[in-house]
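Read through the structure below, which is laid out as structure tokens, and then see the notes.
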Amino acid sequence: MVNKDNQTALLVMDVQKWNITDKHKDVVRHMQQAIQHARELGQTIIWVQLAFGANYPELNPQNKFFSMISPESHMTKLDEQTQPHPELVPQANDYIVNKYRVSAFAGSNLESILKAQSINHLILCGISTSGVVLSTLTEASDKDYQLSVLHDACFDKNASVHDVLVHDVFSRHADVLSVGEWVAQSTKQP
């Protein structure tokens, strides 16, 4: 029999230095709680980050969102600001996935890792709700993954957009709960 916790992965997305400021303190605290709990359960933790190769070969001028990035943006894999935020650091047994677009699946090896590890349930958290969380949730739903979203471990600069997504959109594809609710729920399970 497969351990259900071993089929679950916590995706911690876009928590790099460039993307986190003091206004994210509560979200970072909730992410820390989620990461600690996932470790206690023996779940896989996958860190998804946005960073490009030297000379930005992945950027296409036709892509409105990413065409704003230039060499002066310092967004390569080696640049300091693309590294994990110091309060949210991967451990040696975690997976790190590099992506080149908004979705965690876009141009990354995420799906290969999920299949190789027999993971079928994804728990999502990250910055931003209307960016990486929405894109990843939509694609993962289309790929038939079981999904959960930790709403208080997600952040969007537009609070009303965050609320609409969490309450009206995500709930059609995923279980939406707080980190505290997830901890309580998963602690009760045999």
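The values are calculated or read from the model by the stated rules, or taken from the named source; none is laboratory data. Values in this document were obtained by computation on a predicted structure and should not be read as measured data. Every residue, glycine as well, gets a Cβ built from its backbone with ideal geometry; the counts of neighbours run over all protein chains shown. The area values use the complete protein model at the heavy-atom level, side chains included, leaving out ligands, DNA and RNA. Shrake-Rupley method; radii C 1.70, N 1.55, O 1.52, S 1.80 Å.
By its C-alpha gyration tensor, with a ≥ b ≥ c as the square roots of the eigenvalues, how is the chain shaped: rounded for a/c under 1.5, else prolate for a/b larger than b/c, else oblate?
In terms of gyration-tensor shape, prolate.
Mind running the shape call on the range 66-105? Use the C-alpha gyration tensor, a ≥ b ≥ c as the square roots of the eigenvalues: rounded below 1.5 for a/c, prolate if a/b tops b/c, oblate otherwise.
In terms of gyration-tensor shape, oblate.
Any chance you could give the angle, 0 to 90 degrees and rounded to 10, that helix 25-41 forms with the longest Cα principal axis of the chain?
Between helix and principal axis, roughly 50 degrees.
Mind grabbing the accessible area of residue 171 for me, 1.4 Å probe, Å², rounded to tens?
For residue 171, solvent-accessible area is about 60 Å².
List the relative contact order of the range 90-146 as a percent without decimals, with contacts defined as Cα pairs under 8 Å and 6+ residues apart.
Averaging sequence separation for qualifying contacts and normalising by length gives 32 percent for the range 90-146.
With every protein chain left in place, what is the accessible area per residue of the range 1-152 in square angstrom, probe 1.4 Å?
Per residue, the range 1-152 has an accessible area of 49 Å².
For residue 148, what charge total do you get from the other residues with a beta carbon under 11 Å from its beta carbon, if Lys and Arg give +1 and Asp and Glu give -1?
-2
Tell me, what HN-Hα J-couplings in whole Hz come from the Karplus equation 6.51 cos²θ - 1.76 cosθ + 1.60 at θ = phi - 60° for each residue of the range 48-55, using x for Gly and Pro?
My calculation for the range 48-55 gives 10, 9, 9, 6, 10, x, 4, 6 Hz in order.
Just the number, please: carbon plus sulfur as a percent of the accessible area of the chain, 1.4 Å probe, no ligands or DNA/RNA counted.
50
Please label the shape of the range 68-180 as rounded, prolate or oblate, based on the square roots a ≥ b ≥ c of the eigenvalues of the alpha-carbon gyration tensor (a/c under 1.5 means rounded; beyond that, a/b larger than b/c means prolate, else oblate).
Taking the square roots of the gyration eigenvalues as a ≥ b ≥ c, the range 68-180 is oblate.
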